[in-house]
Ligand code: GLC
């Protein structure tokens, strides 16, 4: 039962959540550094998130996924974890976390944590002890002797550029790091590592969390023989260095699926938490992560909307192909932006961002909405002296920087957009004084109003949450589909072009517009043809 933020004080956490709640749910990703600062240091924190939970309720999302807030030296802004079972003082304390979780639950919101199993921080006690030769931690990370010729054990590359191996003088060995040298990879082939990491899940599940988004889950096991990756014949200098080789042996190994199933089993010890996997793989390989008999991830993250050209034909074909590849009973999911990829409004423009939001909220599958997309945060120039992303700093000649997608949430027109009393750690977008939650909440046609309307419509309709999906004929530039559940039907027609379009719905039905991205046409009856304005999407009631 959803309550308004002011009513929640006397409400306790909900009873055990029902199985499969994540199917009809929508998820909202919070990058904690950038959501709300409560202590005036220019960086967001857990107390800030707690104070802003009302925004999630007003928006109509069901769950918050919070990117890492664990103790960390912040070489990769929290994706380098020093201690999996605590909170970095920058973000608050475990008490702050418990308060946040209790209040979220009282508001009917679920909380999903980010679990980072592939690597620790170089400052994690396990690594420090392993490096010092402690026999109990010797093989907790991936240590290898130099190759016979004296160099790195193989040719694997780091995702952030440079070799994926660093030589350690103390041990006279190399350690493997798929990301920064400050992020050594754990050795999941060591049963003690696996047990300790599964206990981390239990630690947070006992506190009451509702699931995990698992960072680079597909890479946690590497080839047992550490074979060289093959060269990528298509690589060019404009591409990140990691793409120079095909990552055949450094990830997505067959052994990973048993480990994913073990994580899932831990969740099930506690009830019905959701397991989401971060997996950047083509759909044919991605769907394997649902696991044998669907005992793997509930939601292997599907990044196809981020990777497909923004064009009706390409998107339609991609959605059909993904739907067709899903194993029987597997539940789809969709995402438009995240803290690693360009924001949707920066990629497709602010007019199409509205169409994109309608697409996200009307496809079959659980949508994940990235904070700030609900107000259409778009491009931002981060001046060289303010660049913070380690990847951008390591490959400055490429446009791989992730700072522009991590800028502070824009709440209102007060100083620093209401995000902080202090100068924020990253700049705001140039249009923040007009593009913010408070301003858009007053505008019935804003992106925020559209996002709220979409989420409300979705929630009110089993057809939009749980119904089947079928592509419909449409002219070039238009993507059209049907959602159906029992006798409920909705048709969706999205004009992905900047020209007006005429769409002919399937014959013989009385149709009415339930929602247009313009927010101006609800209730309009549709005859034999529907005139779509440039960059307009509509949901039709059949
Ligand atoms: C994932 C995260 C990314 C991080 C990397 C290393 O891809 O989403 O932000 O840098 O893993 O942990």
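Values quoted throughout were computed directly from the atomic coordinates according to the rules given, and no laboratory measurement underlies them. Just so we're clear, the structure is a prediction, and the values are computed from it rather than from any experiment. Glycine gets a Cβ as well: all are built from the backbone with ideal geometry, and neighbour counts include every protein chain shown.
Please give the per residue volume of the convex hull enclosing the alpha carbon atoms of the chain, rounded to a whole number of Å³. If you can, show how the numbers build up before the last one.
On the way: hull volume 82.9 nm³, N = 542.
Taking the convex hull of the Cα positions in the chain, it is 153 Å³ per residue.
Only alpha carbons enter this Debye calculation for segment 222-330, each as an equal point scatterer, and the log10 of I(q)/I(0) it gives at q = 0.16, 0.18, 0.20 Å⁻¹ is -0.90, -1.04, -1.15. Mean projected area of the convex hull spanned by the Cα atoms of segment 401-450, taken over all viewing directions: 3.7 nm².
Can you pull the Kirkwood radius for segment 309-350, inverse mean 1/r over Cα pairs, to one decimal in Å? List each step's numbers first, then the result.
Working: mean 1/r = 0.0824 Å⁻¹.
One over the average 1/r among Cα pairs gives 12.1 Å for segment 309-350.
Starting from the Cα gyration tensor of segment 342-434, take the square roots of the eigenvalues, sort them a ≥ b ≥ c, and report rounded, prolate or oblate (rounded when a/c is under 1.5, otherwise prolate if a/b is larger than b/c, else oblate). Oblate, because a/c is 1.5 or more while a/b does not exceed b/c. Which log10 I(q)/I(0) values, to two decimals, does segment 151-295 give at q = 0.09, 0.14 Å⁻¹ under the Debye formula with one point per Cα? Log-scaled intensity ratios, in q order: -0.32, -0.76. For segment 438-486, the fraction of C-alpha pairs more than 12 angstrom apart is 70%.
What is the gain in length, in nm to one decimal, between residue 311 and residue 442 on full extension, counting 0.36 nm per residue of separation less the C-alpha to C-alpha distance? Walk me through the intermediate numbers first.
Numbers: separation 131, 0.36 × 131 = 47.16 nm, distance 3.21 nm.
Using 0.36 nm per residue and subtracting the Cα-Cα distance, I get 44.0 nm.
Take the Cα of residue 238, step 7 Å toward its Cβ, do the same at residue 413, and the gap between the two points is 4.1 nm. Report, as a whole number in µm² per second, the diffusion coefficient that Stokes-Einstein gives for segment 84-187 at 25 °C and 0.890 mPa s using the Kirkwood radius over alpha carbon pairs. Rounded, D is 155 µm²/s. In degrees from 0 to 90, rounded to the nearest 10, what is the angle of the helix 447-459 Cα long axis to the longest principal axis of the chain? The helix 447-459 is inclined about 90 degrees to the chain.
One quarter of the surface of the convex hull around the alpha-carbon atoms of segment 279-389 equals 7.8 nm², the direction-averaged projected area. By the Stokes-Einstein formula, at 1.002 mPa s and 20 °C, segment 443-530 with its Kirkwood radius over alpha-carbon pairs has D equal to 154 µm²/s.
Quick one: angle between helix 94-106 and the longest Cα principal axis of the chain, in degrees between 0 and 90, rounded to 10, please. Approximately 20 degrees, to the nearest ten. Ordering 166, 517, 366, 465 from the fewest to the most neighbouring beta carbons within 10 Å gives 166, 465, 366, 517. Helix 256-269 and the longest principal axis of the C-alpha atoms of the chain enclose an angle of approximately 70°. With the simple model of a label 7 Å out from the Cα in the direction of the Cβ, residue 466 to residue 321 spans 3.1 nm. Between residue 476 and residue 269, full extension at 0.36 nm per residue minus the direct alpha carbon distance yields a gain of 69.6 nm.
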